[in-house]
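I have placed the structure first, in the form of structure tokens, so that the comments after it can refer back to it.
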Amino acid sequence: MIEQRNITGSSALDYVRQELSRGGVLSDYINKLPLDNGSIYAFVPEGTSENKLYDFEYGALYPFDEGLIDERPLSMPIPNDSRPLLVERIQQHLNLSETNCCLFEDPIRSPSDPIVSISAIDYVHLNNSSMFYFFNHSKNDASVIGKALSISEDYVFLCALSSMDVITQNEFLPNKEISLNLLEKFAAGVSSFFVEAYDHEGYLMWVKTE
């Protein structure tokens, strides 16, 4: 079972800022926010020790099955049972209000990549390069959100929850270009976001203090 642990403090904030510094344009905008005015939570397996809880760079949160080494030595799966909880939190945010919205930042893909057309998931982009997956109150299917999570999770991961008026949200047209100004407006309204941690075995969630 996955639990949410409050880890607010300087070490967690430093790690969150470090992860944002490795990301793209949206990560940069969010990193300029007053992140000190927020709380940070970890999504980890129940019973995770204090030592492992604050060792954000290292995994080994789950029991290790040595039998998998013999069965699949070159494709060891990375355990992470917190993904469904992440999707659930995103849907909760989107269902609360028509003004609520969400962006996944894709750190490696561009619209011209063959895998983009194969994935059949809507995206928006900056200058035909930086890609994002947008969701809001009327576009919040759990399976599609889960797919966006899977696609965008790479060497770095960012999913941000924000609030914008519906007219402004309409500028996020499927598979079309967005402006830096629109992305900056989204970042200004961010109330929560997620970054990966524990060597991709979990996540940290930053939540703005009301």
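Annotation: of all residues in the stretch 3-25 being outside any helix (DSSP H, G or I) and either touching a residue at least 60 places away in the same chain (Cβ under 8 Å) or polar (S, T, N, Q) (or both), the one that is surrounded by the fewest Cβ atoms within 10 Å (Cβ to Cβ) is N6.
Taking the stated definitions as given, is S82 surrounded by 14 or more Cβ atoms within 10 Å (Cβ to Cβ), hydroxyl-bearing (S, T, Y) and modelled with pLDDT under 85? Outline the logic, then answer.
Values: surrounded by 14 or more Cβ atoms within 10 Å (Cβ to Cβ): yes; hydroxyl-bearing (S, T, Y): yes; modelled with pLDDT under 85: no.
Here the answer is no, as S82 does not meet what is asked.
Give the residues of the stretch 30-55 that are aromatic (F, W, Y), buried (at least 16 other Cβ atoms within 10 Å of the Cβ) and farther than 19 Å from I90 by Cβ, sorted by residue number. Within the stretch 30-55, none qualify.
Looking for something crowded, with 20+ Cβ neighbours inside 10 Å and farther than 17 Å from G23 by Cα - is there at least one such residue anywhere in the stretch 108-123?
We begin by selecting, within the stretch 108-123, every residue crowded, with 20+ Cβ neighbours inside 10 Å; these are 123.
This time we only want the ones that are farther than 17 Å from G23 by Cα, so: 123.
Within the stretch 108-123 (the criterion being crowded, with 20+ Cβ neighbours inside 10 Å and farther than 17 Å from G23 by Cα), the answer is yes, since at least one residue qualifies.
A residue that is over 18 Å from the mean Cα position of the chain (by Cα), within 30 Å of L126 (Cβ to Cβ) and at pLDDT 95 or above can be found somewhere in the stretch 23-36.
Among the residues making up the stretch 46-64, those that are more than 20 Å from F193 (Cα to Cα) and either among the hydroxyl-bearing types (S, T, Y) or assigned to a strand (DSSP E or B) (or both) are T48, S49, Y58, Y62.
The values are calculated or read from the model by the stated rules, or taken from the named source; none is laboratory data. Just so it is clear, the model here is predicted, and its values are computed rather than measured. When we count neighbours, we look across all protein chains shown, and the Cβ atoms used for this are built from the backbone with ideal geometry, even at glycine.
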